[in-house]
1. Would you say Leu16 is in a strand (DSSP E or B), surrounded by fewer than 19 Cβ atoms within 10 Å (Cβ to Cβ) and on the phi < 0 side of the Ramachandran plot?
2. Please state which one of Val155, Val108 is surrounded by fewer than 20 Cβ atoms within 10 Å (Cβ to Cβ), under 22 Å from the mean Cα position of the chain (by Cα) and part of a strand (DSSP E or B).
3. Please state which one of Thr275, Thr240, Thr225, Thr290 is β-branched (Val, Ile, Thr), within 20 Å of Gly96 (Cβ to Cβ) and without any contact (Cβ under 8 Å) to a residue 60 or more places away in the chain.
4. Checking the condition hydrophobic (A, V, I, L, M, F, W, C) and surrounded by fewer than 18 Cβ atoms within 10 Å (Cβ to Cβ), which residue from Val237, Val208, Val217 passes?
5. Residue check, Tyr267 against (1) in contact with a helix residue (DSSP H, G or I) (Cβ under 7 Å, 6 or more places away or on another chain); (2) not in a helix (DSSP H, G or I); (3) not polar (S, T, N, Q), all met but one. Which one?
6. Could you list, in sequence order, the residues of region 116-171 that are under 17 Å from Cys79 (Cα atoms), in contact (Cβ under 8 Å) with a residue 40 or more places away in the chain and either in contact with a Ser or Thr (Cβ under 6 Å, 6 or more places away or on another chain) or β-branched (Val, Ile, Thr) (or both)?
7. If I ask for residues that are assigned to a strand (DSSP E or B), out of contact with any Cys (no Cβ under 9 Å at 6 or more places or on another chain) and crowded, with 20+ Cβ neighbours inside 10 Å, which ones from region 176-192 would you list?
8. Within region 29-88, track down each residue that is aromatic (Phe, Trp, Tyr) and within 18 Å of the chain's Cα centre (by Cα).
Amino acid sequence: MNGQLIKELEEVGGELLPSTIRDCDEIIINQPSFTARIALWGGHLVSFTPTGQEDWLFQSENEGAVNRFGRRHFGAPVCWPWFGAHEVESDFPAHGLARYFRWKLLEVGRFKNGDIKVVLRLKSEDHPLVEEMWHQAFELQLTFRLGEGFSISLVAENKSDQPFAVSEAIHTYFKVSDNQKACVSGLEGVSYIDKVANGEMKTQEGVVSPCESMDRVYLNAPKVTELHDAKLKRKFVIETKGSHSTVLWNPGEALSKKRTDIEDDEYRSFVCVETANALDNQYVLESGDTHKLKLSVTSESL
């Protein structure tokens, strides 16, 4: 990493910690109003903690398998260019390629209002294994905006001469005090595919609670949802752009005990509310075109 980037990082209260996650560097930013961590492995926003508050994001204590495609459950992973299992290749990693490779720090600075700006890039040509599994060239940019809340913008560019289909998500693990008492509002009346019920199509009635043992893809979802946590007396307001799906996921007790990449009782501490274009909402990215997916999160007191 060049000296200018290091200087720019230091100017916003940041530092680079070497080889912290999967032998990749991690960015730490300390501001009077918050602290944040960004892992170059997978471009994860690992942590966002406003001063005097609990972390907004969950991090599992289980580090998962140490192989190339061993998943970890924490922060806000990027799922791209496919969501879930690959449709054809069963040995390809779940949720695409973006979350398993090292991203490059491209820019550090401030927005006009003083919010911190961090930009990462992932290019297919930089990783031979990516090119092996995905033959069309692409470039991804992640822009993190950190201030009173946070936003994550993912811009994907098709740099090949052929169109390709994309399903994607910003797979955010929101930290909650108790998933059984948390609730998600804003999805009332929306149709969803219930993957726990073998893909049955259902319609949401009322708020979602308890937030347990669920794997739901809400199609053509509204742009704003809320996650309420009465015990912590806060709600997250989750706004999206370029997204047509909202995914809710929590493994529940039985599945958590079967998994080797999460501790048995950790499911109680998070609810995934994912900004996505999944299943019926996947799209085709034409040659030379770009697509922007954006998640913005703020918090309010209850």
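1. On the way: in a strand (DSSP E or B): yes; surrounded by fewer than 19 Cβ atoms within 10 Å (Cβ to Cβ): yes; on the phi < 0 side of the Ramachandran plot: yes.
Considered against the rule, which asks whether it is in a strand (DSSP E or B), surrounded by fewer than 19 Cβ atoms within 10 Å (Cβ to Cβ) and on the phi < 0 side of the Ramachandran plot, Leu16 comes out as yes.
2. Values: Val108 fails: surrounded by fewer than 20 Cβ atoms within 10 Å (Cβ to Cβ).
None of the other options fit; the residue is Val155.
3. Thr240
4. On the way: Val208 fails: surrounded by fewer than 18 Cβ atoms within 10 Å (Cβ to Cβ); Val217 fails: surrounded by fewer than 18 Cβ atoms within 10 Å (Cβ to Cβ).
Only one candidate qualifies: Val237.
5. In the conditions (1) in contact with a helix residue (DSSP H, G or I) (Cβ under 7 Å, 6 or more places away or on another chain); (2) not in a helix (DSSP H, G or I); (3) not polar (S, T, N, Q), Tyr267 misses (2) alone.
6. Scanning region 116-171 gives Phe138, Ser151, Ile152, Ser153, Val155, Glu157, Asn158, Val166, Ile170.
7. The one that is assigned to a strand (DSSP E or B), out of contact with any Cys (no Cβ under 9 Å at 6 or more places or on another chain) and crowded, with 20+ Cβ neighbours inside 10 Å: Tyr192.
8. Residues of region 29-88 that are aromatic (Phe, Trp, Tyr), as a first pass: 34, 41, 48, 56, 58, 69, 74, 80, 82-83.
Those that are aromatic (Phe, Trp, Tyr) and within 18 Å of the chain's Cα centre (by Cα): Trp41, Phe48, Trp56, Phe58, Phe69, Phe74, Trp80, Trp82, Phe83.
The values are calculated or read from the model by the stated rules, or taken from the named source; none is laboratory data. Computed from a predicted model, the values in this text were never measured in an experiment. Neighbour counts are summed over all protein chains in view; Cβ atoms, including those assigned to glycine, are modelled from backbone coordinates with ideal geometry.
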